[in-house]
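Below is one structure, written out as structure tokens, with a few remarks after it.
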Amino acid sequence: KLVLEDVPPASYEITSSPTAPGGGDVHTLTINLGAPGHPDPIVIETGKIGRQASAAITLTRGESVLYATASRDKDVRDLNFLPLSVDHQERFSSAGLTSGAFNKRDGRPAEHEILVCRLIDRPLRPLIAEGWRHETQLLSWVLSYDGVRTCDPLAITASATALWLSDVPLIKPVAASMVGYIDGQLVLNPTLEQMKHSRLNLTVAGTKDAVLMIEGAADFLPEDLMIEAVTFGHNAIKTQCEALEELGKVAGKEKKYDTIKPPIEGLQEMVDEKYTAQLDEIYNSDLSKEDLSSATSQFSETVVTEMEEIFPEEKASIKGAMKDLMCRRMFVKAKNEGTRIDGRKLDEVRVIEAEAGLLPRVHGSALFTRGQTQVVATATLGDAGMRQKMDRIDGMVQKRFYLQYTFPPSCVGETGRVGAPGRREVGHGNLAERALIPALPTEDEFPYTIRVESLVTESNGSSSMASVCGGCLALMDAGVPISSPIAGIAMGMLLGDKGAVSDENAVIVSDITGTEDGLGTMDFKVAGNKEGITTFQLDIKCEGLTLDTMKKALEQAKAGRLHILGEMDKALTEARGELPATVPKVIKLKIAEDSIGKVIGPGGKQIRALIEDFELTNINVEENGAVQVSGFDMKKMEEAKEMITLLTSQMGGGGRGSRGPKPEYVGPEPEVGKVYTGKITGIHNFGVFLEILPGAEDGSTPGCEGLCHVSELHVERVRNTEGFIRSMNTETLEVVYQGKNNKGKYQLSRKAVLEQKGVKARGDSGPPRAAPQEMSKDEVSVISQAIENAITD
């Protein structure tokens, strides 16, 4: 049962001191969120670092530190949109690591960094004053990472704070929080360890008045619980925003409104008077996407041409007035008539056609069409070697399931760049991926790695939710035994005043088109099965969304989701009972950890021979002795399994895997407590093998080799052994010999050497922090014995 420690009540305090370089003031805001289980306050400091930016802050929680800046160009650009860019970087050095790139420099943004950039951008963009046309850039870095909690919501709050303190006209302060659901309790900003047991991963951003952005994944949770979780997260946001308001009074710059062009007197009224009837006629014609696009383009050209004769050189303002009219007339039609510009009712979903088994040679495929949005989805199954590997500051992540989304320009009838995925593609793919994860079988139930690809072939709104539906059908076509079908739908909102907070007059529409997305004020994507939600994402263009409006949207979304699931059932009601012939078969077995070397052989010779001799696709051996054999001929796979069993039997079997006794070190014993310079012979998650004394010159006997456990590598915690050693760029380490363990293995310590030199962990003067749990040395000795066998075989 989850037990959360008591914390001080919610509060904040601002202090100032003349401690900046040159004697300037440093302002510090300390916020206690008052949430059980969240003892570390959020500390925001400004005035000490980055003083040439429009605003710069550091944000600290525990031992995690972020640095964020907001800057703008001096010149105003002639644009009809907000020129805002956002970049976020999780520096490897923040966790004591160095990039694995050739030049040892952090490179282009990783997928997770791109997703965080989107999380920062989405709640801030709608709150920058209308008409702001200075190039604006938000930058943030994770400078120190304690590995306790994710820094994602902190990145939003940090960038939002920098923007709030700058002269960029952000209307209100913005903050973020994260919510988990563990053992029936909502938990604010849960730890990474707690998140392993959470049924909810929710990030909320907003002002003290309303919610601006939601990004969440859940394990089939009901709509009511989602509303409760958003409310819970928003309460923490209120505390932060109230504190940021006060910080702005102390340390904020005066907002720059003088370069924002005021509305041209009489322009909007003239556009309304001259063109409302013409626009209503277009909206009431029930046109297709192509015809509507053609009609509105011609309407736009007419308005701009005619109005430029009256208001010369005011093209951007004329377009803005025209867009405002289009938004309001779309709202009026929906509010008064209960219909939309394509003739549908407010809660009506477009016509759906679904087909499974579209492609003959792929493992699973589906064509999903909803109106003029269409995707071709494919599913590919493979062994553990097909997992997607990503290097992050909290270690290597291996994904057993991943979905990749592609949005080519041809899907909207255009030409353009094709290549590496853009930020939008990464975000949409991640959203669809998280929607499907809760329905997947466990690895014990289904030992395959699964890759889904979604190619958008037509787009007119919500291709990410079409990817959820198409991806689900492709999985079922491939024979993946999912727990239930998953469908997704995108909801929209129309407001009479786009700049206001949603109210009782807000109109919620289901299954939005591209036009409704562009002219509306909300894009609320929700996916799940018949019982509950698996993922949802909210973006708005107004000042906020009330919880009452969100509840209404979720209820309407559920009805639409159930309808889509019914249409998907017509194509495929359940996963196919057999895997396609093109899918390699997989069998699993377990061997003793000290026999891993017999299967791998010297330099991988044995395992390659097994793959070749038995015509296998692959053999994957884990450090815990789990073996996965894949191939197409089940008879040969069983024969390979028998050979592996024979090779790893206690008698040693024979054949290629047989070997004599392992040679041992026969030189003088090392002295306990003495410092040795050891040559690195092996690097593993649990520690580093080093040769501290040489073997025979003729190579007949090995040197004296011991293990420096990961906990003995440094005075501070090392999270990624390989990255830590690689960052040192050395082939040797100074270590102290500490004697043998209970299995007769040599134990080494680099930490003892550092302590002898006076090196101390940061924060030693304060109260001790609980150390993260690591493998015991007894557990490590079992694994290290297996690795030693593999090396010496």
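The values are calculated or read from the model by the stated rules, or taken from the named source; none is laboratory data. Please read these numbers as outputs of a predicted model, since none were measured by experiment. Backbone-built Cβ (ideal geometry, glycine too); neighbour counts: all protein chains shown. These area figures cover heavy atoms from the full protein model, side chains too; ligands, DNA and RNA do not enter into them. Shrake-Rupley method; radii C 1.70, N 1.55, O 1.52, S 1.80 Å.
One residue is enough: does the range 40-51 have a residue meeting the conditions crowded, with 20+ Cβ neighbours inside 10 Å, within 26 Å of the chain's Cα centre (by Cα) and not in a loop (DSSP other than H, G, I, E, B)?
yes
Out of curiosity, is residue 484 under 28 Å from residue 220 (Cα atoms), in a loop (DSSP other than H, G, I, E, B) and in contact with a helix residue (DSSP H, G or I) (Cβ under 8 Å, 6 or more places away or on another chain)? Step through it out loud before you land on a result.
Numbers: under 28 Å from residue 220 (Cα atoms): yes; in a loop (DSSP other than H, G, I, E, B): yes; in contact with a helix residue (DSSP H, G or I) (Cβ under 8 Å, 6 or more places away or on another chain): yes.
Yes, satisfied.
Check 407, 446 and return the single one that is open to solvent by 10 Å² or more (accessible area, probe 1.4 Å) and at pLDDT below 95. Working first, answer last.
Values: 407 fails: at pLDDT below 95.
Of the residues listed, the single one that is open to solvent by 10 Å² or more (accessible area, probe 1.4 Å) and at pLDDT below 95 is 446.
Taking the criterion of being in a strand (DSSP E or B), in contact (Cβ under 8 Å) with a residue 24 or more places away in the chain and under 33 Å from the mean Cα position of the chain (by Cα), would at least one residue in the range 358-365 satisfy it?
To start, the set of residues in the range 358-365 that are in a strand (DSSP E or B) comprises 364-365.
With the extra rule that they be in contact (Cβ under 8 Å) with a residue 24 or more places away in the chain, the set shrinks to 364-365.
Keeping just the survivors that are under 33 Å from the mean Cα position of the chain (by Cα) gives 364-365.
The answer is yes, given that some residue of the range 358-365 is in a strand (DSSP E or B), in contact (Cβ under 8 Å) with a residue 24 or more places away in the chain and under 33 Å from the mean Cα position of the chain (by Cα).
For the range 687-702, does any single residue satisfy the condition of being outside any loop (DSSP other than H, G, I, E, B), open to solvent by less than 40 Å² (accessible area, probe 1.4 Å) and on the phi > 0 side of the Ramachandran plot?
If we filter the range 687-702 for residues that are outside any loop (DSSP other than H, G, I, E, B), which is where we start, we get 687-693.
So of that shortlist, the ones also open to solvent by less than 40 Å² (accessible area, probe 1.4 Å) come out as 687-690, 692-693.
In the following step, the residues that additionally are on the phi > 0 side of the Ramachandran plot were identified as 687.
Yes: one or more hits.
Within the set of pairs 6 or more residues apart or between chains, which connect a residue that is touching a residue at least 12 places away in the same chain (Cβ under 8 Å) inside the range 170-184 to a residue that is surrounded by fewer than 23 Cβ atoms within 10 Å (Cβ to Cβ) and among the aromatic types (Phe, Trp, Tyr) with Cβ atoms less than 6 Å apart?
Once the first residue is touching a residue at least 12 places away in the same chain (Cβ under 8 Å) and sits in the range 170-184, its partners that are surrounded by fewer than 23 Cβ atoms within 10 Å (Cβ to Cβ) and among the aromatic types (Phe, Trp, Tyr) give 179/232.
Name, by its number, the condition in (1) assigned to a helix (DSSP H, G or I); (2) surrounded by fewer than 18 Cβ atoms within 10 Å (Cβ to Cβ); (3) modelled with pLDDT of 85 or more that does not hold for residue 711.
Only one criterion in (1) assigned to a helix (DSSP H, G or I); (2) surrounded by fewer than 18 Cβ atoms within 10 Å (Cβ to Cβ); (3) modelled with pLDDT of 85 or more is unmet by residue 711, namely (2).
Looking at (1) open to solvent by 40 Å² or more (accessible area, probe 1.4 Å); (2) over 30 Å from residue 26 (Cα atoms), can you tell me which one residue 238 breaks?
In the conditions (1) open to solvent by 40 Å² or more (accessible area, probe 1.4 Å); (2) over 30 Å from residue 26 (Cα atoms), residue 238 misses (2) alone.
Of the residues in the range 257-312, how many are within 26 Å of residue 350 (Cα to Cα), open to solvent by less than 70 Å² (accessible area, probe 1.4 Å) and not in a helix (DSSP H, G or I)?
3
So how many residues does the range 313-323 have that are part of a helix (DSSP H, G or I) and surrounded by fewer than 17 Cβ atoms within 10 Å (Cβ to Cβ)?
Taking the range 313-323 as the starting set, the residues that turn out to be part of a helix (DSSP H, G or I) are 315-323.
Checking the rest, the ones that are also surrounded by fewer than 17 Cβ atoms within 10 Å (Cβ to Cβ) come to 315-316, 319, 323.
Selection size over the range 313-323: 4.
For residue 192, work out the one condition from (1) touching a Lys or Arg at 6+ places or on another chain (Cβ under 8 Å); (2) open to solvent by less than 10 Å² (accessible area, probe 1.4 Å); (3) of a type in the set (A, V, I, L, M, F, W, C) it doesn't fulfil.
Condition (2) is where residue 192 drops out.
Name the residue, out of 534, 573, 515, that is of a type in the set (S, T, N, Q) and closer than 18 Å to residue 203 by Cα. Working first, answer last.
Details: 573 fails: closer than 18 Å to residue 203 by Cα; 515 fails: closer than 18 Å to residue 203 by Cα.
The match here is 534.
In the list 399, 335, which residue meets the criterion of being farther than 30 Å from residue 618 by Cα and either among the small types (Gly, Ala, Ser) or open to solvent by 20 Å² or more (accessible area, probe 1.4 Å) (or both)?
Working: 399 fails: farther than 30 Å from residue 618 by Cα.
That would be 335, the only listed residue that is farther than 30 Å from residue 618 by Cα and either among the small types (Gly, Ala, Ser) or open to solvent by 20 Å² or more (accessible area, probe 1.4 Å) (or both).
Please go through the range 338-348 and give me each residue that is assigned to a loop (DSSP other than H, G, I, E, B) and either of a type in the set (S, T, N, Q) or open to solvent by 20 Å² or more (accessible area, probe 1.4 Å) (or both), ordered by number.
338, 342, 343, 346, 347, 348
So is residue 488 in contact with a Phe, Trp or Tyr (Cβ under 7 Å, 6 or more places away or on another chain), under 19 Å from residue 226 (Cβ atoms) and either open to solvent by 10 Å² or more (accessible area, probe 1.4 Å) or not β-branched (Val, Ile, Thr) (or both) or not? Steps first, answer last, please.
Values: in contact with a Phe, Trp or Tyr (Cβ under 7 Å, 6 or more places away or on another chain): no; under 19 Å from residue 226 (Cβ atoms): yes; either open to solvent by 10 Å² or more (accessible area, probe 1.4 Å) or not β-branched (Val, Ile, Thr) (or both): yes.
No, not satisfied.
Which of the residues belonging to the range 545-598 are assigned to a strand (DSSP E or B), open to solvent by 80 Å² or more (accessible area, probe 1.4 Å) and in contact (Cβ under 8 Å) with a residue 60 or more places away in the chain? Outline the logic, then answer.
First, pick out the residues of the range 545-598 that are assigned to a strand (DSSP E or B): 545, 585-590.
Filter once more, keeping what is open to solvent by 80 Å² or more (accessible area, probe 1.4 Å): 588, 590.
Listed by number, the list holds a single entry, 588.
Would it be correct to say that residue 734 is more than 15 Å from residue 677 (Cβ to Cβ) and open to solvent by 30 Å² or more (accessible area, probe 1.4 Å)? Break it down into steps so the answer makes sense when it comes.
Values: more than 15 Å from residue 677 (Cβ to Cβ): no; open to solvent by 30 Å² or more (accessible area, probe 1.4 Å): yes.
So residue 734 does not fit the description; no.
List pairs: first in the range 87-99 and open to solvent by less than 30 Å² (accessible area, probe 1.4 Å), second aromatic (Phe, Trp, Tyr), Cβ under 7 Å, 6+ apart or cross-chain?
94/145; 95/145; 97/724; 99/92
Which of the strands (runs of 3 or more DSSP E) found entirely inside the range 388-458 contain at least 2 residues meeting this: under 19 Å from residue 534 (Cα atoms)? Lay out the reasoning, then the answer.
Numbers: elements: 388-392, 395-399, 401-406, 449-458.
Strands (runs of 3 or more DSSP E) meeting the threshold: 401-406, 449-458.
List the number of the failed condition for residue 780; all other conditions in (1) farther than 22 Å from residue 93 by Cβ; (2) in contact with a His (Cβ under 8 Å, 6 or more places away or on another chain); (3) open to solvent by less than 40 Å² (accessible area, probe 1.4 Å); (4) modelled with pLDDT of 85 or more hold.
Result: residue 780 passes all but (4).
Could you go through the range 177-189 and let me know if any residue there is of a type outside the set (Gly, Ala, Ser), closer than 19 Å to residue 538 by Cβ and buried (at least 24 other Cβ atoms within 10 Å of the Cβ).
yes
Since residue 220 meets every condition but one in (1) in a loop (DSSP other than H, G, I, E, B); (2) over 25 Å from residue 69 (Cα atoms), which condition does it not meet?
In the conditions (1) in a loop (DSSP other than H, G, I, E, B); (2) over 25 Å from residue 69 (Cα atoms), residue 220 misses (1) alone.
Filter the range 742-755 for residues that are among the polar types (S, T, N, Q) and buried (at least 17 other Cβ atoms within 10 Å of the Cβ) and give the result.
To start, the set of residues in the range 742-755 that are among the polar types (S, T, N, Q) comprises 742, 747, 749.
747, 749, listed by residue number.
From the set of residues in the range 533-566 that are of a type in the set (Gly, Ala, Ser) and within 20 Å of residue 347 (Cβ to Cβ), which is modelled with the lowest pLDDT?
Across the range 533-566, the extreme among qualifying residues is 553.
Which of the strands (runs of 3 or more DSSP E) found entirely inside the range 85-189 contain at least 3 residues meeting this: over 21 Å from residue 33 (Cα atoms)?
Fully inside the range 85-189 and qualifying: 134-144.
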